[in-house]
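Reviewing the structure listed below.
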Amino acid sequence: MRTSFGVNDMTIHRIIEQEQGFTPVLQFLPGLSREVLDENRSWMEPAALDPETDKLVLCFQSYVVKTPHHTVLVDSCIGNDKSRPTREAWNKKNDDHYMQALGAAGVSVNDIDYVMCTHLHADHVGWNTRLENGRWVPTFPNARYLFSRKEYTYWAEEHARAPIDAIGDSVLPIIEAKKADLVTSEHALDDHLRLMPTPGHTPDHFAVCLGRGGDAAVLTGDLIHSPLQARYPELVMRVDYDPKQASATRRSFLERYCDTSTLCCTMHFPSPSVGHIKRWGDGFRCEPVSG
């Protein structure tokens, strides 16, 4: 399984923590009819849809990007020792899959210069922190963590009203450690890396664009979850903050990169997760990178 991709003067590594059937597809995409699902089984099964359970197969992963300037981690996945009672596969998980994958990419926790969280859901912030002597401490001690200010403010206010485990154990400890940079979703880190607003799934979700002088690659975050949403961009997933905006963002994104050389690195598509956007009728598909 391919996990590393060279793009111009950068290298992109997939850091996979879990890949499995996750949620029954008709629950995950509540606007999907069984008829449309059945029409698409032939190409979805078994890689993107478990034929025995009708669960979507999702990959949970981060991306490490090595540019001429920095080593950057985009989204920090699920994490260990986190209380996630509604997700059995995440709850109090304690394994070495993530750290082994980092090591296979030639990266240690000390090598990361920046951690960028496209949004602040639990499976995108989990390895921000690790448990040490009963306290949550930054996993990447030399990194600055970039959060959208608008996104952080929204979730901090929600957490104050009713505690959210992921905010309490994986976001606020970064703020308290003074490791966070609160930025706009249009922030540019340098000439190789910039953010692009892609709101809808959450209030100020961003994608990450890579490349000097153009988008050689783009990391989607959760603006899209399944290849089925590429074919039907109006299909929303069940927890989208603003479903109408999420659909518009998704179609705009797919139109922008369709039939270009930009490498699209999805966060949750099943392996290989990375490819080029092509038109498919009124929708799109992600043609995997070969080799």
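The values are calculated or read from the model by the stated rules, or taken from the named source; none is laboratory data. In this text, all values refer to a predicted model and were calculated from it rather than measured experimentally. Positions of Cβ are backbone-derived with ideal geometry, glycine not excepted, and every protein chain shown enters the neighbour counts. Just so you know, the surface numbers come from the protein's heavy atoms only, side chains and all, with ligands and any DNA or RNA stripped out. Shrake-Rupley method; radii C 1.70, N 1.55, O 1.52, S 1.80 Å.
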Next on the checklist: Just checking, does the range 247-255 include any residue being within 21 Å of V115 (Cα to Cα), open to solvent by 10 Å² or more (accessible area, probe 1.4 Å) and of a type outside the set (V, I, T)?
Outcome noted: no
Subset of the range 255-285, residues within 16 Å of the chain's Cα centre (by Cα) and hydrophobic (A, V, I, L, M, F, W, C), comes to L263, C264, C265, M267, F269, V274
When the range 129-164 is checked residue by residue, the ones that are open to solvent by less than 40 Å² (accessible area, probe 1.4 Å), of a type in the set (A, V, I, L, M) and part of a helix (DSSP H, G or I) are A156
Next on the checklist: Residue under question is R194, and the condition is that it be in contact with a helix residue (DSSP H, G or I) (Cβ under 6 Å, 6 or more places away or on another chain), outside any helix (DSSP H, G or I) and open to solvent by 50 Å² or more (accessible area, probe 1.4 Å); does it hold?
Outcome noted: no
Here the qualifying pairs (Cβ atoms under 7 Å; residues six or more apart or on different chains; first in the range 1-30 and within 18 Å of V218 (Cα to Cα) and open to solvent by 60 Å² or more (accessible area, probe 1.4 Å); second among the small types (G, A, S) and not in a helix (DSSP H, G or I)) come out as R2/G291; N8/G211; N8/A216
Just wondering, is there one or more residues in the range 62-78 that are within 14 Å of S4 (Cα to Cα), aromatic (F, W, Y) and under 19 Å from the mean Cα position of the chain (by Cα)?
yes
Within the range 7-36, residues charged (D, E, K, R) and within 19 Å of the chain's Cα centre (by Cα) come out as R14, E17, E19
